[in-house]
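The values are calculated or read from the model by the stated rules, or taken from the named source; none is laboratory data. Quick caveat, the model's predicted, so the values are computed rather than measured. With ideal geometry, Cβ positions are generated from the backbone for all residues, glycine too; neighbour counts draw on all protein chains shown.
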Amino acid sequence: MKRHHHMPFGAEFDGHGAVRFKLWAPQASEVRLDIVHTQGKTNAPMLPTGEGWFALTLAGIEHGTRYSFCIDQRISVPDPASRYNPQDVHGASAVVDPHAFEWPDASWRGRPWEEAVIYELHVGAFTQAGTFNAAIERLDYLVRLGVTAVELMPVADFPGKRNWGYDGVLPFAPDSSYGSPEDLKSLVAAAHARGLMILLDVVYNHFGPEGNYLHVYAPQFFNPAHATPWGAAINFDGERSRVVRDFFIHNALYWLEEFNFDGLRLDAVHAIADDSHPDIVDELAAAVRAGPGHHREVHLVLENDRNEAARLIRERGQPRYATAQWNDDVHHAFHVLATGERDGYYRDYAQKPLWWLGRALAQGFGYQGEISEHRGGRARGELSAGLPPSAFVNFIQNHDQIGNRALGERLSALAPDPVQRLETICLLLAPSIPLLFMGEEFSASSPFLFFCDFGPELAHKVVQGRREEFAAFERFRTPQAQAGIPDPGTEQTFLASKLNWSELVKAEHARWHTLISDLLELRRRYLVPHMAGSTHEARFAVDGAGLCVDWTLGDRSRLHLRANFSDAAWANVAAAPGDILFAAPAGTLPGPLPGWSALWTLEPIRA
């Protein structure tokens, strides 16, 4: 089976043995196509076709042919819609024929979202080889663990050999340090062969700081009326923004159609500046629902600090726009309970973390219009109690919450084992969609540090910026302490972040793996069958350090959690009817709950 998403820009085979090259360069007076192919080198003028477009069609171009655009005889740039840049972001692009890859997964139609157990991974740090092909070798392991969805951190071409992926500048090109486009397609197909969904993290709020040439020949790609942490905002609502909006909508459709991904995670949509209606997030979602989402299960997940419930609304049980949102409220409450930290955004949860956790588990968002002290006294969030639990992706750890710490510590380095164990039990058996960050399942000891590979001048600025950022924390107030923060630009920082898979055979790590595998098997067997059609028909109560949450699931069965977040026994715990689904410590029964313990029960379908 062949898959191809047609794009109105970039290099496209026309189906008749020729390739059409097309570039939007409204600031350029002249564009020439530089190309190296089997017949030699070609340097040919591209024809202006109006509205800032330049185009040229050539016959005899083969898959893999290198090309670039020369702007006004002064600078050579890669194709911003390059499907592959084998020599990094400053080099020439390569023509890719999507029909050269034969897909073996023609019958794949995805999986219902209620079945999702997400495993977030960084391709470069997931394995020692750090490639798409090496990741394939670990898919069977993820299936045995109980994972049903793999989420890749961004793979769009970034500068250098190592990066988290959020500094991408060629959004259509898988980074060559991980492999070729065909290698990424092989990873997707291998996931589907094992029944795994595979999602991709994409970044539509900014371009990275190195290797973006759009400002040279298409400054209209940016709107200086909106200031962002990265400079002028991407132009989604100003003059000539239609081309820009189409560029990113096609990007989303390209990953879903040409690479057959099962969904996308849209990074930090709260950082997208767009005053138009519909804004780019809603328009993109509508295009996905009307396109690939019309024929198969396709899921859109948002990161959105604004807690906008309107983006998650359902129509006849199906998402109108986004499928789900990463639920930072759950993480922040869990983290405060586990560590007692109160810096930064954690101060919003410091006074009553268990209440915030209960509300987020029962109703979705914690902040549903309340004042956020961390955000300068502004109201944050919208009412979310009417949304289904599956509209929220909950987690105890992810790349942000580990890697944005100065030393990249995982929770296992910050919290006592009983606390982390209890939180894991609460996470994995709650009805919302759970997410694990790579290595969490065996309590990996390796940190996940911030790493990048910029040129010397920018690399120095990154080091200084990191030190200034953390100088506000008591632990890093002195220059000596700041000097201990790992340099993001060194290869060693990246290598230290790779998972050490040999830890799996060690007893303390194997115990964690067994716990999580057992919990996910319980989730699959006893929880997922009841979840379709669930709404947030739930209630919660806090009694000192005790938490009660009761959910009504889609088939009207009821799920009950009783959890004790303290050292002392909880004597007056409310009754939890139904059959015991899980009790920790083992043997915990209804009645007084020991310290740091949980009891899950499942009540049969109610008439």
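Worth pointing out:
- Flag if A563 is buried (at least 20 other Cβ atoms within 10 Å of the Cβ), closer than 28 Å to G386 by Cα and of a type in the set (G, A, S): yes
- Check on A28, touching a Gly at 6+ places or on another chain (Cβ under 6 Å) and assigned to a loop (DSSP other than H, G, I, E, B): no
- Contact map, the stretch 45-56: first residue without any contact (Cβ under 8 Å) to a residue 40 or more places away in the chain, second residue β-branched (V, I, T), Cβ cut-off under 7 Å, separation 6 or more or different chains; pairs are M46/V31; F54/V31; A55/T49.
- Unmet criterion (only one of (1) within 30 Å of W596 (Cβ to Cβ); (2) without any contact (Cβ under 8 Å) to a residue 60 or more places away in the chain; (3) not hydroxyl-bearing (S, T, Y)) for A324: (2)
- Matching residues in the stretch 130-160 - criterion: being part of a loop (DSSP other than H, G, I, E, B) and under 13 Å from E210 (Cα atoms): F158, P159, G160
- When A574 is tested against (1) within 26 Å of R511 (Cα to Cα); (2) outside any strand (DSSP E or B), exactly one condition is not met: (1).
- A residue that is of a type outside the set (A, V, I, L, M, F, W, C), part of a helix (DSSP H, G or I), touching a helix residue (DSSP H, G or I) at 6+ places or on another chain (Cβ under 7 Å) and closer than 22 Å to R83 by Cα occurs nowhere in the stretch 229-244.
- Summed over the stretch 214-230, residues that are surrounded by fewer than 20 Cβ atoms within 10 Å (Cβ to Cβ) and either of a type in the set (S, T, Y) or assigned by TED's automatic domain parsing to the domain that holds D88 (or both) total 1.
- Qualifying position, being out of contact with any Asp or Glu (no Cβ under 9 Å at 6 or more places or on another chain), touching a residue at least 60 places away in the same chain (Cβ under 8 Å) and more than 21 Å from P98 (Cβ to Cβ), among G211, G231, G195: G195
- 1 or more residues modelled with pLDDT of 95 or more, surrounded by fewer than 21 Cβ atoms within 10 Å (Cβ to Cβ) and in contact with a Ser or Thr (Cβ under 8 Å, 6 or more places away or on another chain): qualifying strands (runs of 3 or more DSSP E) within the stretch 377-475: 378-380
- Any hit, the stretch 298-316, residues being free of Cβ contacts under 8 Å to residues at least 24 places away in the same chain and surrounded by fewer than 23 Cβ atoms within 10 Å (Cβ to Cβ): yes
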